[in-house]
Amino acid sequence: MKVYTQIEYQWEGGDLVQVSEESHEYGGEVAACKGGSGKTTYDWEAANRYAAISRDQWNDYKKRFQPFEQELIDLAHNDGSEEIEMAKDYTQSSMDAQKASGELSLSRMGIGMTADQAKASDRSFGIEKMAATVSAMNDAAQHADDRRNAIMTGGMASLSQATGRSS
């Protein structure tokens, strides 16, 4: 039987070509060729102990870390639609309260608006309300994107930072 100790190849025109080889003939038993008796011994006690340690580590991981990882995964897959909708609702209710407060202040002072003034005021307020709502929704979407990117790249130091809650 031929036993190779070194074989050298190189690329020539897109083909892999053997350049040289070093080998010798061997006529003994194959088991002796590999340097062993062909019989293997196995330490079952050590293997069982290692398997028990591995199982304990896996169970500990599932109990302590997997719930937090799952929460981070859920956050990473969150498109931010809930936060965007909340930003929209809060901004609109805040703007409506602001308008009501302004109208109440004017009525307390006995100031009234003509129909044209009220129409112009409503139009101006509507534009301001829409601009504030769009800005709040964009900010919420950007925050959701930033949070998702930080989670995916490991930029979050802790779960409490990702969820915005204290530990």
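Details
- Cβ-Cβ FRET estimate between THR114 and ASN138, R0 fixed at 45 Å, reported to 0.05: 0.80
- Taking the square roots of five times each eigenvalue of the Cα gyration tensor of the chain, the equivalent ellipsoid has semi-axes of 77, 28, 8 Å, listed largest first.
- Distance between the modelled labels on VAL19 and ILE53, one decimal in nanometres: 4.6 nm (7 Å Cα→Cβ projection).
- Here the spin labels are modelled as points 7 Å beyond Cα on the Cα-Cβ line, and at GLN66 and MET86 they lie 2.9 nm apart.
- Modelled spin-label separation between TRP11 and SER121, with each label point placed 7 Å from Cα along the Cα-to-Cβ direction: 7.9 nm.
- Environment charge of GLY102, counting only residues whose C-beta is closer than 14 Å and scoring Lys/Arg +1, Asp/Glu -1: -1
- CD proxy at 222 nm, helix term only [per DSSP H run n ≥ 4: -39500 (n - 2.57); per residue of the chain; nearest 500]: -22000 deg cm²/dmol
- With Cα atoms as the point set, the range 78-163 shows a radius of gyration and Dmax of 19.0, 59 Å.
- Within the chain, the longest segment free of exposed loop sites, counting chymotrypsin sites (Phe, Trp or Tyr not before Pro) that fall outside DSSP classes H, G, I, E and B and have at most 13 other Cβ atoms within 10 Å, spans 66-167.
- Counting only residues at least eight positions apart within a chain, or on another chain, the aspartates and glutamates with an alpha carbon under 14 Å from that of LYS62 are GLU71.
Laboratory data are not the source of any read-out in this text; all were calculated from the coordinates shown. Since we're looking at a predicted model, the values are computed, not measured. Methodologically, a virtual Cβ is constructed for each residue, glycine included, from the backbone with ideal geometry; neighbour enumeration extends over all protein chains shown.
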